[in-house]
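The values are calculated or read from the model by the stated rules, or taken from the named source; none is laboratory data. Remember, predicted model here, so these are calculated numbers, not experimental data. Cβ coordinates were reconstructed from backbone atoms using ideal geometry, including for glycine residues, and neighbour counts include every protein chain displayed. When the accessible area is computed, the model is the full protein with side chains, heavy atoms only, and any ligands, DNA or RNA have been set aside. Shrake-Rupley method; radii C 1.70, N 1.55, O 1.52, S 1.80 Å.
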Amino acid sequence: MSLPKKGSRVISVEGADYLWRVKDNGDHKSLTLQKRDKGQILYSSVSSWGCGEFWDTPITPSLVKLVIEQAMSEGWEPDKENKERHITDITCELFEKSGARID
């Protein structure tokens, strides 16, 4: 399975290109990632109850980069075409590291 190119954005991390897209599902936002030339799909999310103060903050490329790095440190293998991988919710700490601000 591949992430559709239409509607996806591209980010480069450590020399590799990844497709990513965000979907607002009402009470949570889903982030889906995949290496541009196929590989294991990664799912993550931010929920209004898990990190509520950042709920209205957009998911930015700097945050996506941090999610990719965290996922790889937790065992995500973007080059392998294994079953998709789900990682924990995007944490407030990652939002803060990305430079996100609460208005």
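Some notes on this structure:
- When segment 33-48 is filtered for residues that are out of contact with any helix residue (DSSP H, G or I) (no Cβ under 8 Å at 6 or more places or on another chain) and either farther than 22 Å from Gly75 by Cα or open to solvent by less than 20 Å² (accessible area, probe 1.4 Å) (or both), the ones remaining, listed by number, are Gln34, Gly39, Gln40, Ile41, Ser47, Ser48.
- Number of residues in segment 44-62 that are in a helix (DSSP H, G or I) and modelled with pLDDT under 85: the value is 3.
- For segment 59-77, the set of residues classified as over 13 Å from Leu33 (Cβ atoms) and of a type in the set (Val, Ile, Thr) consists of Thr60 only.
- Cross-chain or 6+ apart pairs with Cβ under 6 Å, segment 12-30 first and at negative phi, then among the small types (Gly, Ala, Ser): Leu19/Ser8; Arg21/Gly7; Arg21/Ser8; Lys23/Ser30; Asp27/Ser48; His28/Ser45; His28/Ser47; Ser30/Ser45
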